[in-house]
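**Q** Can you read through this structure? Questions will come right after.
The values are calculated or read from the model by the stated rules, or taken from the named source; none is laboratory data. Because the structure is predicted, anything quoted here is derived from the model rather than measured. Positions of Cβ are backbone-derived with ideal geometry, glycine not excepted, and every protein chain shown enters the neighbour counts. Ligands, DNA and RNA are excluded from the accessible area calculation, which covers all protein heavy atoms including side chains. Shrake-Rupley method; radii C 1.70, N 1.55, O 1.52, S 1.80 Å.
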Amino acid sequence: GVTSSGKTHTMMGDDVTPGIVPHAIAELFHLIDKLTKRKEITVHMSMLEIYNEVVNDLLNPANTNLRLREDPKRGIYVEGVQEEQLRNSDHALHVVAMGNEHRKTSATAFNEGSSRSHTVIRLSIEANDRPEFASEPGDRVGRTLSYLTMVDLAGSESAKAEKNASQRMEGSFINKSLLTLGTVIHKLSEGGAVHIPFR
């Protein structure tokens, strides 16, 4: 969607109407509370932005220009991104708010506080069976690792609407990345594509 169409409000919300991110976090910890008798569950969060095609760590602003890596065991990951272990939903929302303070925003022709970067919030959920709940002595204790990734995209804009060169450059990178995302989605949906330009 274009700038000022409500993407960030939908994802983050406000004090009166929480968005998708607060709702997802609340639901996750609600489910964890039900499972903690049988499982040991830990949740880690990372939060990054893609600004002018550069990946920056929003939880540790000193970590800039991070690299995307691929590993047979870990899958695709961002090298060096900080992960915060979460205690509960209130702590998680505090971490999100802290990360949002470091996000690149500026006034544009359409919005006084426009997001100028794409934000990625990734929750890593590890669940280990408690040994005392094994059905037979010597049963293997199971471990599962799941991820929940939530993305708040920057808004597309007309380059002509921006007055200065810096904002025109930002807008051009935003539009390029949104076009690439659309291409990836299209290739994934059609199936059988030889190359998917996910990077």
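**Q** Being surrounded by 10 or more Cβ atoms within 10 Å (Cβ to Cβ) and at pLDDT 65 or above is the filter here; which residues of region 130-145 pass it?
**A** Matches in region 130-145: Arg130, Pro131, Gly142, Arg143, Thr144, Leu145.
**Q** Could you look through region 147-175, keep only residues that are surrounded by 12 or more Cβ atoms within 10 Å (Cβ to Cβ) and in a strand (DSSP E or B), and pick out the one that is modelled with the lowest pLDDT?
**A** Going through the qualifying residues, I end up with Ser156.
**Q** Which members of region 77-90 meet the condition of being more than 21 Å from Glu40 (Cα to Cα) and either among the aromatic types (Phe, Trp, Tyr) or open to solvent by less than 70 Å² (accessible area, probe 1.4 Å) (or both)?
**A** Within region 77-90, Tyr77, Val78, Gly80, Val81, Gln82 meet the criteria.
**Q** I would also like to ask the following. Being in a strand (DSSP E or B) and of a type in the set (S, T, N, Q) is the filter here, so list the residues in region 1-48 that pass it.
**A** Result: Thr42, Ser46.
**Q** Looking at Asn60, Asn52, which one is within 24 Å of Asn175 (Cβ to Cβ), surrounded by 12 or more Cβ atoms within 10 Å (Cβ to Cβ) and out of contact with any strand residue (DSSP E or B) (no Cβ under 9 Å at 6 or more places or on another chain)?
**A** Residue meeting the stated conditions: Asn52.
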